[in-house]
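Read through the structure below, which is laid out as structure tokens, and then see the notes.
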Amino acid sequence: MSKTAAIYTLGCKVNQYESSAIGDLFRQAGYVIVDFEQPADVYVINTCTVTHLGDRKSRQIIRRAAKQNPAAVIVVTGCYAQTSPGEVLEIPGVDLVVGTRDKSRIVKLVEAHSGERGPVNAVVDVMASDCFEELPVPAEQGKTRAFLKIQEGCNSFCAYCIIPYARGPVRSRLPENVLRSATELVNQGFQEVVLTGIHIGAYGQDFHGQNINLGWLVERLAKVPGLTRLRLGSVEPHDINDALIEPWPITPTFAATCISRCRAGTTKSWPG
């Protein structure tokens, strides 16, 4: 009989994307993904820590999973796990704590933990990360729209924000990998791709001396045959510059998305 896994996601679109990818990894390993409210052999809680409410909600969900099946392997990953692994390990029932890195190894870590009771802290120093961690592009997305993660981390270190400490420095996905994934999504029938990440406006900052940025990537994605619409998940106002705007294809499907994002960051009146 196949093993079962259940996944609960708190927080942002990036977490949702990564949870879907983790689900695909479990499926590839022969697991059946079940609803979180059902009994499962493995529970994965992908946590959030942007606010104290996110921390509290994460703890509540972890405890709920432990009650549903005390014999299950409880895996806690995500931003709360990264920033507060000690707190997570103290929650009864937790078996494995994985931060925001090594999500691609969660299935292997679970298999290695099988039969070994007692919590394991598998969190690594995310600030030492220097490359983008590849995860499978989720197979189960919307009917026509698919999300595509292109970037991880943030270098801004705003005084009020914990994200750089939870996600680490900027790591951009190699452009050839982004283009390959976009082509695969189109071939699967998706007409629209939404670029997502922690700070997508910083795309390419870590490709030192290569003159690669978000505008450069958009220009090349626009040439993917069959891609009729490209959206930016979220761009900070200070990242909307000539490098992003000038190469944007002058077609109704692409330009409409660009303008809608620009409107969100200005009080100026726009023509049309």
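Neighbour counts of other Cβ atoms within 10 Å put 165, 160 in the fewest-to-most order 160, 165. Residues whose amide H falls under 5 Å from that of residue 171, counting only those 5 or more places apart or on a different chain, are 152, 153, with hydrogens built in the peptide plane. Exposed loop sites were defined as GluC sites (Glu not before Pro) in DSSP loop states (anything but H, G, I, E or B) carrying at most 15 other C-beta atoms within 10 Å; in the chain the longest segment without such a site runs 141-272.
For the stretch 20-34, backbone phi angles converted through the Karplus equation (6.51, -1.76, 1.60; θ = phi - 60°) give residue-by-residue couplings of 4, 5, 4, x, 5, 5, 5, 4, 4, 8, x, 7, 9, 7, 10 Hz, Gly and Pro being listed as x. Here is the list for the stretch 52-136: trypsin sites (Lys or Arg not before Pro) lying in DSSP coil, each with at most 13 other C-beta atoms within 10 angstrom of its C-beta, are 117.
Counting other C-beta atoms within 10 Å, which of 157, 207 has the fewest, and how do the rest follow?
157, 207
Karplus-based coupling profile of the stretch 79-96, in residue order and whole Hz: 5, 5, 5, 5, 8, 9, x, x, 4, 5, 5, 7, 6, x, x, 5, 9, 9, with θ = phi - 60° in 6.51 cos²θ - 1.76 cosθ + 1.60 and x standing for Gly or Pro.
Would you count, across the stretch 4-124, every pair of lysines whose alpha carbons are under 22 angstrom apart, provided the pair is eight or more residues apart or spans two chains? Please list the in-between numbers first.
Working: 13/57; 13/103; 57/67; 57/103.
Lysine pair count for the stretch 4-124: 4.
Amide H to amide H distances under 5 Å link residue 73 with 42, 43, where only residues 5 or more positions off or on other chains count and H is placed in the peptide plane. Whole Å is fine, so just give me how far the alpha carbon centre of the stretch 139-200 lies from that of the stretch 67-110. Value for the Cα centre distance between the two parts: 23 Å.
Within the stretch 132-212, list the trypsin sites (Lys or Arg not before Pro) lying in a DSSP loop whose Cβ has at most 14 other Cβ atoms in a 10 Å radius. Write down the numbers at each step before the final one.
Working: sites: 143, 145, 149, 167, 171, 173, 180; in loops: 143, 173.
Hits after loop and neighbour filter: 143.
Once Rg and the Kirkwood radius are both taken over the C-alpha atoms of the stretch 1-65, their ratio Rg/Rh works out to 1.00. Each residue of the stretch 70-77 was assigned a 3J(HN,Hα) from its phi angle through the Karplus curve 6.51 cos²θ - 1.76 cosθ + 1.60 (θ = phi - 60°); the sequence is x, 8, 6, 7, 9, 10, 10, 10 Hz, with glycine and proline shown as x.
Each of 75, 107, 94 was scored by other Cβ atoms within 10 Å of its Cβ. Listed from fewest to most, they are 107, 94, 75.
Each value in this text was obtained by applying a stated rule to the coordinates, not by laboratory testing. Because the structure is a prediction, the values reported are computed rather than measured. Ideal geometry is used to build each Cβ from the backbone, glycine not excepted, and the neighbour counts take in all protein chains shown.
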